[in-house]
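The structure appears right after this line, and notes come after that.
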Amino acid sequence: MKYKTQQIAWLFFATSMLLFALQLVYGFIMAFAHMGYDTLHPWIPFNAARAVHTNLLVMWLLSGFMGAAYYIIPEEVEREIVAPKLAVVQWAAFVIVGVIAIIGFHFGWWEGRKFLEIPRPLDWLVVVDVLTFVGIIGVTIWKGNRPTTTAIALYLGLVLAAVLYLPGMIHFKSQVLDSFYRWWVVHLWVEGVWELVMGGILSFLLIKLTGVDREILEKWLYVIVGFTFLSGILGTGHHYYYIGAPRIWLIVGGVFSALEPLAFLGMAMYGIAMARKGGRQHPNKNALLWTLGCCIMSFTGAGFLGFAHTLPQVNMYTHGTLVTAMHGHMAFWGAYGMLVFALIAYAMPELTGRARHKGKMAEWAFWMTTIGMVAMTGAFAVAGVAQVYMERMTGLDFLDVQDALQVHFFGLVLAATLFTTGFALYVVDFVKYGLPRSGGAPRTTTNGSADDVVVAVGARAAEG
Amino acid sequence: MLSKSAARAFFIGGTLLTGVAFAALTVHTHQTVPEQSNEANLTPAVERGHGIWTDENCMGCHTLLGEGAYYAPELTKVVERRGKLWIKTFIKDPEAMFPGRRRMVKYDFTDAQIDDLIAFLEWVGNIDANGFPADPPYAPAPQAVIVGGRSLDNAPEVFKSLCTACHMVGGKGGNVGPPLDDISARYDAASLDAWLVDPQAIKPGTAMPKLPLTPEHRKAISTFLLETR
């Protein structure tokens with residue numbers, strides 16, 4: 001860690017871990033309800049669990065992105081964060097608004113608009129909080145010595161994410177237009193500007209981990225985000241096929257969505273090629289594992305599985321079925337969940353000064369979550385495809401079909417248990433790193449664990 | 001080989017181009033949606049129903065126009081599929097209609113609120129959603145003629161909206177309860193009426209719900225089911 005104010009990132013990372021843990025709890029509640037065990041129904045009906053589950057997802061990822069900015073920007077632009085105390089207030093306000101929203105959902109204080117359930121008064125607090133964040137980071141870049149492409153991509157992504165939150169706050173009488181603008185937020189986030197954030201964070205990690213020349217990495221960063229926007233903006237059309245919007249979206253959405261996997265494929269090739277090309281043997285193998293994992297899983301989940309049901313003639317039957325859940329889980333985890341985990345894996349040794357690079361536990365955490373998520377996606381896929389054929393193609397009754405699908409949710413719970421165990425290991429590892437400390441840049445080692453021991457002993461001596 | 005400035009130009013150019021196209025299509029959408037969604041019929045009742053729909057987060061379980069959660073049925077064509085009386089009866093006590101199955105929250109809506117919600121769902125059902133939801137292509141073809149049997153054609157409205165959700169007559173209806181074609185062999189007017197008043201009292205534990213039927217409804221149902229052919 002070169003700059004003291006990078007420590008602020010730790011607050012956001014820890015928040016991410018907590019919110020994600022809670023998200024998993026609500027995921028299990030919903031999976032059990034799908035299996036027929038809805039004991040909690042009187043207190044937490046499915047729609048409450050669902051609102052909590054998806055909003056926690058958005059919150060912990062945003063928390064991770066903000067932490068990423070507080071960590072990456074000082075190092076990129078070579079100066080401390082301006083107004084670090086305000087940054088801590090911004091963190092606290094974010095947590096408070098989030099907690100109020102989550103509690104409110106249990107008492108019906110919400111708007112029934114998928115992913116954007118946070119009620120209007122809290123929306124305004126979110127806007128103020130995000131503007132504060134954007135301001136702090138913006139001034140830091142402005143005053144910094146070096147506005148790098150990586151820093152600008154990351155910052156532009158976050159600013160546009162904030163701007164695109166606004167169309168979701170406009171009220172429309174018509175359900176069609178309400179839906180139309182809701183996707184401006186949701187789609188243009190995850191298949192647009194969030195990918196800019198992703199590109200920025202990935203290129204930072206690859207610069208640090210592989211030692212490939214910044215000029216080369218940033219050149220390809222432009223190409224990839226270029227493809228992302230080229231396909232992603234008009235790709236919004238795949239949400240407009242069947243909601244009462246004009247027919248032209250069938251063609252526009254179909255064609256441009258079909259190009260969307262290219263952006264993710266580019267991202268995957270970028271990561272793998274740079275890792276191979278890089279001469280530097282960075283000791284933090286764990287961070288590299290998560291970085292490459294993110295590249296591959298985002299292509300599989302977001303690119304490939306998204307394309308699997310994005311053609312209008314397929315989507316006619318899969319629209320509004322569990323097939324969407326199949327794509328959604330691996331896409332969010334692969335593209336954004338693993339991205340945040342990769343950055344945390346990179347940042348923790350730097351923040352705490354503990355070079356615990358070779359832990360078996362960290363490796364297990366990676367493989368258990370990855371295999372767990374692949375298996376979860378499989379369970380959703382089987383359930384989703386079966387639902388499409390039974391309900392949408394042969395016209396069987398909804399509830400009868402759901403009864404037939406219960407067994408696949410048992411499979412989902414098994415896979416999710418594996419995933420959760422992996423996540424628990426990651427959290428244990430996170431806790432073992434301890435709190436961030438100033439002046440504690442880890443002694444990076446290249447040859448085995450002997451030096452790690454020295455660092456650990458040294459760290460203990462320093463503490464004593 | 002590609003230079004960094006060329007890559008930047010590709011990024012900026014591509015984004016601007018598709019951004020402009022997206023803006024143009026948005027304008028087009030605003031021009032088309034009023035007609036495609038029959039905005040002229042978007043009455044205050046529909047608007048109030050839309051309010052209830054969002055306030056209660058109905059899309060946290062259901063889908064509407066395919067959007068929402070996948071825990072409860074798709075509701076785009078629900079008014080056409082079930083009829084208003086069925087929906088009204090169901091919302092007042094969802095568990096009574098599907099005993100022992102997946103549960104829905106029992107809301108304390110007033111009759112007026114339910115009417116608003118139904119008005120909203122009816123308006124949504126009439127939106128031209130480019131063919132969604134599609135008819136199931138492999139659904140078994142309905143049997144047009146049941147030899148010697150009854151048909152729903154001359155059934156009373158209450159029978160068509162409530163009873164057929166679970167029972168079949170003439171090969172049409174639900175399959176939760178038994179078909180009712182030959183019910184006259186097992187019931188007379190008095191016993192059928194007693195059964196409809198309170199099924200649990202006659203046969204404790206039956207899946208048949210106690211429906212809010214008026215004496216006129218019960219009379220119409222038993223007349224239809226017991227008439228000799």
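The values are calculated or read from the model by the stated rules, or taken from the named source; none is laboratory data. Every value quoted in this text rests on a predicted model; they were computed, and no experiment measured them. Cβ atoms come from the backbone with ideal geometry, glycine included; neighbour counts cover every protein chain shown. Ligands, DNA and RNA are stripped out before the accessible areas are found, and what is left, the full protein with its side chains, is counted by its heavy atoms. Shrake-Rupley method; radii C 1.70, N 1.55, O 1.52, S 1.80 Å.
Worth a mention:
- Between residue B:110 and residue B:5, residue separation times 0.36 nm minus the direct Cα-Cα distance comes to 31.4 nm.
- Rolling a 1.4 Å probe across all protein chains gives residue A:329 an accessible area of roughly 60 Å².
- When only alpha carbons are used to place a centre, the stretch B:13-59 and the stretch B:196-215 end up 44 Å from one another.
- With the helix formula -39500 (n - 2.57) applied to DSSP H stretches of n ≥ 4, the protein assembly as shown reaches a computed 222 nm mean residue ellipticity of -21000 deg cm²/dmol.
- With all protein chains in place and a 1.4 Å probe, the accessible surface of the protein assembly as shown carries 67 percent carbon and sulfur.
- Here the simple spin-label model places points 7 Å from the Cα toward Cβ, and for residue B:189 and residue B:126 these points are separated by 4.1 nm.
- Reduced Cα scattering model of chain A, Debye log10 I(q)/I(0), q = 0.06 Å⁻¹: -0.26
- Here the Gaussian network model covers chain B, with springs between Cα atoms less than 10 Å apart; of B:94, B:136, B:73, B:136 fluctuates the most.
- Full-stretch length increase - residue A:358, residue A:428 - with 0.36 nm per residue and alpha-carbon distance subtracted: 23.7 nm
- Summing both sides, the accessible surface hidden between B and A at a 1.4 Å probe radius is close to 6400 Å².
- Only Lys, Arg (+1) and Asp, Glu (-1) charged, at Cβ; chain B dipole about Cα centre in debye: 700
- Among the chymotrypsin sites (Phe, Trp or Tyr not before Pro) found in the stretch B:43-111, those both in a DSSP coil and sparsely packed, with 15 or fewer other Cβ atoms within 10 Å of their Cβ, are B:107.
- Only Lys, Arg, Asp and Glu carry charge here, each on its Cβ (+1 for the first two, -1 for the last two); on that basis the stretch A:1-148 has a dipole of about 240 debye about its Cα centre.
- For the stretch A:370-399 and the stretch B:152-181, distance of Cα centres in Å: 30
- Accessible surface computed residue by residue for the protein assembly as shown, with neighbouring protein chains in place and a 1.4 Å probe, gives 41 Å² per residue.
- DSSP loop chymotrypsin sites (Phe, Trp or Tyr not before Pro) with at most 14 other Cβ within 10 Å excluded, longest remaining stretch of chain A: A:173-464
- Check: the protein assembly as shown dipole with +1 on Lys, Arg Cβ and -1 on Asp, Glu Cβ, in debye: 2120
- Residues residue A:170 and residue B:20, FRET efficiency given R0 of 25 Å [Cβ-Cβ distance, rounded to 0.05]: 0.70
- Positive-end extreme of charge dipole, the stretch B:152-226 - chosen from B:162, B:187, B:208 (charges on Cβ): B:208
- Rounded if a/c under 1.5, otherwise prolate or oblate - the stretch B:152-226, Cα gyration tensor axes: rounded
- C-alpha center-to-center spacing [the stretch B:85-109, the stretch A:102-143] in angstrom: 35
- Selection from A:272, A:109, A:238, by position along the positive dipole direction of the protein assembly as shown (Cβ): A:272
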